[in-house]
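A short worksheet on the structure shown next.
The values are calculated or read from the model by the stated rules, or taken from the named source; none is laboratory data. Since we're looking at a predicted model, the values are computed, not measured. Positions of Cβ are backbone-derived with ideal geometry, glycine not excepted, and every protein chain shown enters the neighbour counts.
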Amino acid sequence: MAASTSMLTSSSFTFPSQGLRLPTRTHPCMKPQKRFVRKDASNVITATYDLKPPPYPLNALEPHMSRETLEYHWGKHHRTYVENLNKQIVGTDLEGLSLEDIIIVAYNKGDILPAFNNAAQAWNHDFFWESMKPGGGGKPSGDLLDLIERDFGSFERFTEEFRSAAATQFGSGWAWLAYKANRLGVENAVNPWPSENDKKLVIVKSPNAVNPLVWDYFPLLTIDVWEHAYYLDFQNQRADYISMFMEKLVSWEAVNARLEKAKAEAAEREMEEERRKNEEEWKPTDDDDDDDEGLEMYVDSEDDSEAE
Amino acid sequence: MAFRSLALATRKTLTLGLNSTRLTQSRALQTFSLPDLPYDYGALEPAISGEIMQLHHQKHHQTYITNYNKALEQLHEAIQKGDSSTVAKLQSAIKFNGGGHINHSIFWQNLAPIREGGGEPPKGSLGWVIDTNFGSLESLIQKINAEGAALQGSGWVWLGLDKELKKLVIETTANQDPLVTKGPHLVPLLGIDVWEHAYYLQYKNVRPDYLKNIWKVINWKYASGVYEKESA
């Protein structure tokens, strides 16, 4: 078993707020401006974000999570993030980007720009509603369960660590199960010697609006541990809220679907990285090519017209 | 400093170690306990509900104290054993929970029922320096509320005295960081808790309404007392 596994699955593992190198994700500002458009019911194209409702009625999670909580949490908090985001990006370079792109750009390697909080919280809450379902809870199965058992030892140990992360995220924030494919834990450097063992499940916690997208991980499951998520139903008893979430609400179907998508995207990313590496190896040499500066010095020592 | 004397006033002292000869230098481990509120839970209504005051005091503040005491005991052991890893690991728990105890101890003093002077504007030197630095009390309140409303996540908004620069400052701190983490010369005069637990049951997501109403029960007498003592 890889020695790094224990480090990754430690429940006290929080990430530095340092920046992220994005070797495979083309920085949105470096490619031609792609207009991201959504069509609403009347087929009018708008470049704003909509408040998506949860995939169930607001009372569907009762008695575990009250309708009142959903009315405020989705109807007020989530709605406000979306509305404020739309106002914030009007007339800026962020307008027209996908929500995920706004999050990465505004995270700005940890030096957070104003739109980050609203964008990330809009995304986080969509993800949260979809992480739950009426009659949820229980155990996962198939590939997902296999991976959980491989990376945490057992489903029980996974549950323990997830609950601990959620309970010990001090102040506001989130706890996550994420799929980490060939990213190292230090500033998310790309693993130079990737192997199948480096594609692993990890539990992470994050403060306020931060989410694992900024570390180039694939989020699979989240629990909101901002006080507004549980105060009406549980007051200060965050641990009870977390238990309820695990036992009654988690949608393992959603987690499974996300895992499949994550594996596919990771495979695609791997192929792209291979392709790019091959392109660089076969790049033709050129007089103006910086890589050949060393060669020029030997070949043409009398001619320093190209020297700076 | 004012806030420290408050925390100390609630302290019980236990002496660990079975003998107290000079040779064995056993250090006393102080534990902390929940200070009583100087008013009933319902006395700040309608600005802050009795339900919130009770939960805030008996559950949240008590939990910080319980966890602070636990962390201090673990720290004490780790220091005695020379276990540096554990000493380092405990720092965040001490900051969270110790900070929580410090901040809430100040907060209860910052509030008073209306019939006991809650909401009455500051008189004396603090009133004068507020008018001089901010133009008016209303202007100060507006600035504090703007900072408090804009704070992302959990934290506090403070009116503090910078003892070195001899001026009033408005500051925010994240989570339970005490004001002193923003500057070693900063003394808290007034802190407003903007963690959601401080207002959610009553004001839900509308933090600005909580901030507007809390001024009706702010105890300026306490803030003035601290100001006069610290600026002497």
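The table below lists the values:
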read-out	value
Residue under evaluation residue A:291, criteria (1) farther than 30 Å from residue A:216 by Cα; (2) at pLDDT below 60; (3) part of a helix (DSSP H, G or I), criterion not met	(1)
Within region B:55-67, tally of residues that are within 10 Å of chain A (Cβ to nearest Cβ) and not charged (D, E, K, R)	6
Filtered residue count, region A:229-247, keeping only those that are more than 14 Å from chain B (Cβ to nearest Cβ) and either in contact with a His (Cβ under 7 Å, 6 or more places away or on another chain) or not β-branched (Val, Ile, Thr) (or both)	5
Cβ pairs under 8 Å, 6+ apart, first in region A:72-84 and more than 9 Å from every other protein chain (Cβ to nearest Cβ), second of a type in the set (S, T, N, Q)	A:78/A:121; A:81/A:117; A:81/A:118; A:81/A:121; A:82/A:118; A:84/A:118
Strands (runs of 3 or more DSSP E) contained entirely in region B:124-226, each with at least 2 residues that are within 14 Å of chain A (Cβ to nearest Cβ)	B:155-162, B:167-174
Neighbours by Cβ (under 6 Å, 6+ apart or cross-chain): first from region A:215-228, within 14 Å of another protein chain (Cβ to nearest Cβ); second assigned to a loop (DSSP other than H, G, I, E, B)	A:225/A:169; A:226/A:172
Residue within region A:131-151 that is part of a helix (DSSP H, G or I) and in contact with a Lys or Arg (Cβ under 6 Å, 6 or more places away or on another chain) present	yes
Filter pass, residue B:30 being among the polar types (S, T, N, Q) and either in a helix (DSSP H, G or I) or at pLDDT 95 or above (or both)	no
Pick from region B:104-123, criterion outside any loop (DSSP other than H, G, I, E, B) and of a type outside the set (A, V, I, L, M, F, W, C), ranking: farthest from the chain's Cα centre (by Cα)	B:115
Filter result for residue A:175 (out of contact with any helix residue (DSSP H, G or I) (no Cβ under 9 Å at 6 or more places or on another chain), closer than 25 Å to residue B:176 by Cβ and more than 14 Å from chain B (Cβ to nearest Cβ))	no
Scan of region B:91-109 for residues that are surrounded by fewer than 20 Cβ atoms within 10 Å (Cβ to Cβ) and either touching a helix residue (DSSP H, G or I) at 6+ places or on another chain (Cβ under 7 Å) or within 19 Å of residue B:221 (Cα to Cα) (or both), ordered by number	B:93, B:94, B:107
Criterion violated by residue B:193 - all others in (1) acidic (Asp, Glu); (2) surrounded by fewer than 22 Cβ atoms within 10 Å (Cβ to Cβ); (3) in contact (Cβ under 8 Å) with a residue 12 or more places away in the chain satisfied	(2)
Which listed residue is of a type in the set (Val, Ile, Thr), over 30 Å from residue A:198 (Cβ atoms), surrounded by 16 or more Cβ atoms within 10 Å (Cβ to Cβ) and in contact with a helix residue (DSSP H, G or I) (Cβ under 7 Å, 6 or more places away or on another chain), from A:82, A:105	A:82
Entirely in region A:197-283, the helices (runs of 4 or more DSSP H) that have 1 or more residues that are under 21 Å from residue B:174 (Cβ atoms)	A:231-234, A:238-244
So residue A:142, is it farther than 19 Å from residue A:222 by Cα and in contact (Cβ under 8 Å) with a residue 60 or more places away in the chain	yes
Residue selected from region B:157-211 under the condition over 16 Å from the mean Cα position of the chain (by Cα) and basic (Lys, Arg), by the criterion nearest to residue B:122 (Cα to Cα)	B:167
Failed item in (1) in a helix (DSSP H, G or I); (2) modelled with pLDDT of 95 or more, with residue A:65 passing the rest	(1)
Where a residue in region A:109-138 is farther than 22 Å from residue A:242 by Cβ and its partner, wherever it lies, is in a loop (DSSP other than H, G, I, E, B) and among the β-branched types (Val, Ile, Thr), with Cβ under 8 Å and at least six apart	A:115/A:92
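Yes or no, residue by residue, for (1) more than 14 Å from residue A:175 (Cα to Cα); (2) buried (at least 23 other Cβ atoms within 10 Å of the Cβ):
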{"site": "A:203", "(1), (2)": "no, yes"}
{"site": "A:207", "(1), (2)": "no, no"}
{"site": "A:221", "(1), (2)": "no, yes"}
{"site": "A:224", "(1), (2)": "no, yes"}
{"site": "A:235", "(1), (2)": "yes, no"}
